[in-house]
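Taken together, the values in this text are just the output of simple stated rules run on the coordinates, not laboratory data. Since the model is a prediction, treat every value here as computed from it, not as a measurement. Reconstructed Cβ throughout: ideal geometry from the backbone, glycine too, with neighbour counts over all protein chains shown.
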Amino acid sequence: MRIVALAGGIGGARFLRGLLHTAPESDITVVGNTGDDISLFGLRICPDLDTVMYTLGGGINEDQGWGRADETFTLREELAAYDIGPAWFTLGDRDFATHIVRTQMLDAGYPLSAVTEALCDRWRPGVRLLPMTDDRVETHVVIEDADGRRAVHFQEWWVRLHAGVPAQSIASVGAEDAKPAPGVLEAIEAADVVILPPSNPVVSVGTILAVPGIRAAVAAKTVVGVSPIIGGAPVRGMADACLTAIGVDTSAAAVAAHYGPDLLDGWLVDTADAETDVDGIAVRSRPLLMTDVEATGQIARAALDLAGELSS
Ligand code: GDP
Ligand code: CA
C-alpha cells in the first residue's frame, strides 16, 4: 500500500512511528512542514523535518520529543560566553552537526529535498521524507505587546514567548510563490491513502496545504485525519493558541470542519469526543492518546481501516 502523510514535528513523528509499526510493508512518503524553519548562528534549522528524522531513525530525545538523545551543550555555553544568542532556542552539540551539514550542502547549491535525502542516508527513517517545498516559506505571527505591534518568526512566538501573547494573525510568508518539492505531487497522486496525523492543523498541516497544488492533489485522494484535539484541548503544546488566531474553536469537530469535507473523507476522534458530528465527513471514535508505539500503531491501523472502508 502507498501511503502519504503530511507531518509537523512531535505529533506527526510519534504517529508515523505507530504507522510504521502497524504497516511495516507499506511504502510511506512523508511530506514535512518547513514553515518552522529558521536561520540561527548562520545555520539553517528545520525543526519538523529533524524531529521526524530523529524519531524514526532512533536518535530522538524521547522525553522531550525533539532534539537528540544523549545530548551535550558545550557549543551553546561557548556561544553564550561570547554573548551570542538567541539563548531561548536550545541546540545541542549533536544537533548542531546536522545543521552544519545541511547548511554546507545548501550553500553548495543543493535543494533542501536533496539535503534531506542525504541526512536520511544516515538515519534510515524507513519512510521517504520530503520537505513540502524547496523554496523558502516561513510562518510569521503578528503580535502586540509592550514593544508594539509587529510580526515575529513563528519560533520566537512559540519558543521564546510560549504563545503567551495572543496571535492577531498567522501568515505563511512565501507560500503563495512556493512550488511543491520534487516528488511531492507525484507521491500524493500515486497514493492509495493520504493521512493527516495529529499535527498542528494551523502551523504544521495548514502550512503544508498552503503550498499551491498540494491541497488540490490531496483532496483528490481518500484522506483520513487524526484529531490533535482531545476533549477540547491539545494533548500537548499550544495548538489552541493557533486555532484561536484563525478563528477556529479548539474542538475535534471544529478542526475537521476547518479542513472541510472537500479535503477530508474520514476523521478519527478520541472516545471523549464520540459525539462529534461533521457534515460530509465520516467520524469514528477510539482512544487517541499516543502513549506508546503499540497504542499509536492501533490508532494508525484505525486510520488505515477507515480509509479502506471509505475508498471501497
Ligand atoms: P510540532 O511541530 O512539534 O508542534 O508537532 P506537530 O504539529 O506534529 O504536532 C503537535 C500536535 O500534536 C499538538 O497540537 C497536539 O495536539 C498533538 N498531539 C500530541 N500528542 C498527542 C497524542 O498523544 N494524541 C493526539 N491525538 N494528539 C497529540
Ligand atoms: Ca513544528
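Using a Debye calculation, one point per C-alpha and no hydration shell, please list log10 I(q)/I(0) for the chain at q = 0.07, 0.12, 0.14, 0.15 Å⁻¹ in order.
-0.25, -0.77, -1.07, -1.24
How much net charge surrounds residue 48 when only the other residues with a Cβ under 10 Å from the Cβ of residue 48 are counted, with Lys and Arg +1 and Asp and Glu -1?
So the surrounding residues net to -3.
When Lys and Arg each count +1 and Asp and Glu each count -1, what net charge do the other residues less than 10 Å away from residue 179, Cβ to Cβ, add up to? Don't skip to the end; give the middle numbers.
On the way: positive: none; negative: 134, 135, 177.
Summing Lys and Arg as +1 and Asp and Glu as -1 gives -3.
Could you work out [θ]222 nm for the chain from helices alone, using -39500 (n - 2.57) per DSSP H run of at least four and dividing by all its residues? Round to the nearest 500 deg cm²/dmol.
Values: 11 runs with 111 residues, N = 312.
Counting only the DSSP helices, I get -10500 deg cm²/dmol.
Which Rg and Dmax, in Å, describe the Cα atoms of the stretch 20-104?
Computed over the Cα atoms of the stretch 20-104, radius of gyration and Dmax are 14.6, 50 Å.
For the chain, calculate the relative contact order in percent as a whole number, restricting contacts to Cα pairs under 8 Å that are 6 or more residues apart.
Details: 643 pairs, mean separation 63.1, N = 312.
Reported relative contact order: 20 percent.
For the stretch 222-312, which trypsin sites (Lys or Arg not before Pro) are both in a DSSP coil and crowded by at most 13 other Cβ atoms within 10 Å?
On the way: sites: 236, 284, 301; in loops: 236.
Listed in order of number, the matching sites are 236.
Would you work out the charge dipole size for the chain about its Cα centre, treating the Cβ of every Lys and Arg as +1 and the Cβ of every Asp and Glu as -1, and quote it to the nearest 20 debye? Mind dumping the intermediate values first?
Numbers: 22 positive and 43 negative charges, 62 e Å.
So the dipole magnitude of the chain works out to roughly 300 debye.
Over the stretch 52-202, calculate the relative contact order: mean separation of alpha carbon pairs under 8 Å at least 6 apart, over the residue count, as a percent. Intermediate results must be reported in sequence, preceding the final value.
Details: 169 pairs, mean separation 29.2, N = 151.
Computed value for the stretch 52-202: 19 percent relative contact order.
Against the longest principal axis of the chain, how steep is helix 112-123, in degrees 0 to 90 to the nearest 10, with axes from Cα atoms?
Helix 112-123 sits roughly 90 degrees off the main axis of the chain.
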